[in-house]
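Here the structure is laid out as structure tokens; the discussion comes afterwards.
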Amino acid sequence: MFKVIVPFFILLTAMMSHTATASCSLKQEACELACKVEYHNDSFGKLGCVAQCKAKRAACSTKEGVEDATEKAEELLNKS
């Protein structure tokens, strides 16, 4: 099992290093997949891990929304 997990986490880390190009949903899916692998025999551990993934998704979506709103506000201000 250890031989499978190590390459998976190396791949996951490589994917997550490109956070600028990955959407919030893709990051959440990767996080939840990592939870399933890490806590495959521990349902409570998996539940806690997935909850953290959902919290990270909410923060990511909020951040993207703020950035989008800021860009639109700057565009409106530059037009006037």
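Of note:
- Taking the listed residues 54, 46, the one that is at pLDDT 95 or above, surrounded by 14 or more Cβ atoms within 10 Å (Cβ to Cβ) and out of contact with any His (no Cβ under 7 Å at 6 or more places or on another chain) is 46, with no other qualifying.
- The residue that is farthest from the chain's Cα centre (by Cα), among those in segment 50-78 that are of a type in the set (Ser, Thr, Tyr) and within 29 Å of residue 36 (Cα to Cα), is 62.
The values are calculated or read from the model by the stated rules, or taken from the named source; none is laboratory data. Being a predicted model, the structure only gives us computed values, none of them experimental. Virtual Cβ from ideal backbone geometry, glycine too; neighbours counted across all protein chains shown.
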